[in-house]
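Structure, as structure tokens:
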Amino acid sequence: MLDIDVQGAAQVKQKIRDAVSIFILPPDKPTLEQRLRRRSLDSDEVIQRRLVGAAKEIENYSKYDYILINDRLEQSIDELRAIVLAERLPRSRADISPKEAEIVAKASRSLLPNIRERLQPILASFALSATHR
């Protein structure tokens, strides 16, 4: 598992075609700003620069396999765990247990095609549209 920026993710995808990518999004721009301010590590100028940078990175969301909306920490951890476990299951998935099927279902809710509608308000808060690529 790697924690990398958009450019790093693109490089990994180029070299490892089967790599699974997960884009972690804040629930909206105001929440991201609040989180940055709560840390009390950066000046207003740095926070504004980081928000602009975040908006530019978010423009690349459609290049990822999964989108994880980091709204509630425990829920986000649970969804990330489901994605990792689901991706480790055999690709055929013909003989999976009911528990494994539940994990796959939970992970599939974060697949890009399945989450586009939930992305609308997040992207709007960053002044982006869900059709932006």
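None of the figures in this text is laboratory data; all of them are computed from the coordinates on show. Just so it is clear, the model here is predicted, and its values are computed rather than measured. Reconstructed Cβ throughout: ideal geometry from the backbone, glycine too, with neighbour counts over all protein chains shown.
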Across Lys29/Lys106; Lys29/Lys63; Lys56/Lys99, pairs whose alpha-carbon gap is larger than 29 Å: Lys56/Lys99
Geometric extent, Cα atoms of region 1-122 - Rg, Dmax (angstrom): 16.1, 54
Choice from Arg35, Arg109, Arg91 with maximal GNM fluctuation in the chain (Cα, 10 Å cutoff): Arg91
Rounded Å value of the spacing that divides the Cα centres of region 1-16 and region 96-121: 22
Top of Leu80, Leu41, Leu32 by mean-square fluctuation, Gaussian network on the chain, Cα under 10 Å: Leu41
Check: region 1-74 dipole with +1 on Lys, Arg Cβ and -1 on Asp, Glu Cβ, in debye: 100
The chain - charge dipole about Cα centre, Lys and Arg +1 at Cβ, Asp and Glu -1, debye rounded to 20: 200
